[in-house]
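Engineer: Structure below; questions to follow.
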Ligand SMILES: [Zn+2]
């Protein structure tokens, strides 16, 4: 193991809490705490690991909720996880190419996954190495963001967005792009994570 911290990047909707649509974050804090506690308890040395969240949040772009209100909700959710050391940092993209709320309508922002901007920003801010980093996501865009940021590994968490029928086809395609594994639930992700950390050089 090198001196650099291992980087664990987590998607939010569908990973920290069930994916109930774009507003999941407003209800998700308690579940995020449960899952992140089980993650941090899995780690032998929490201090050697960086845990970052990278999240596309489109509720304000859809004009469902005023942007300032939503931004405060999102930041207070992640801030509270930060204060408990359940995560180490987070980045959020509020943009959408067809946003109803025009200030958030941006066609090619560098942050919205599958663009790698949020991951790269965290890697730079915390002096991490992509080759010692992985992502857990529940969408192809998470996996592609990891590929675009040159992460070592991507883990796809199965959920309603990713039906079994799609998996063999998708994994064949993705497998040629990035080291790629499938976790059937969060605890299977933790098993893969333990193995991956042990084998990370
Ligand atoms: Zn963005």
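Engineer: State yes or no: is residue 119 closer than 21 Å to residue 51 by Cβ and away from the ligand (no atom under 16 Å from the Cβ)?
Structural biologist: Spelling it out, it is not the case that residue 119 is closer than 21 Å to residue 51 by Cβ and away from the ligand (no atom under 16 Å from the Cβ).
Engineer: Please give the number of the condition residue 105 fails out of (1) modelled with pLDDT of 95 or more; (2) buried (at least 20 other Cβ atoms within 10 Å of the Cβ); (3) more than 10 Å from the ligand (Cβ to nearest atom).
Structural biologist: (2)
Engineer: Scan the strands (runs of 3 or more DSSP E) fully inside segment 1-97 and keep the ones with 1 or more residues being surrounded by fewer than 21 Cβ atoms within 10 Å (Cβ to Cβ).
Structural biologist: Those strands (runs of 3 or more DSSP E) span 49-56, 89-93.
Engineer: Only residues that are in a helix (DSSP H, G or I), touching a residue at least 12 places away in the same chain (Cβ under 8 Å) and either closer than 26 Å to residue 195 by Cα or within 14 Å of the ligand (Cβ to nearest atom) (or both): list them for segment 122-134, please.
Structural biologist: 122, 123, 130, 131, 132
Engineer: Additional query: Looking at (1) within 15 Å of the ligand (Cβ to nearest atom); (2) closer than 19 Å to residue 133 by Cβ, find the lone condition where residue 112 falls short.
Structural biologist: Condition not satisfied by residue 112: (2).
The values are calculated or read from the model by the stated rules, or taken from the named source; none is laboratory data. Not measured: the values here are computed from a predicted model. Every residue, glycine among them, receives a Cβ derived from its backbone with ideal geometry; neighbour counts consider all protein chains shown.
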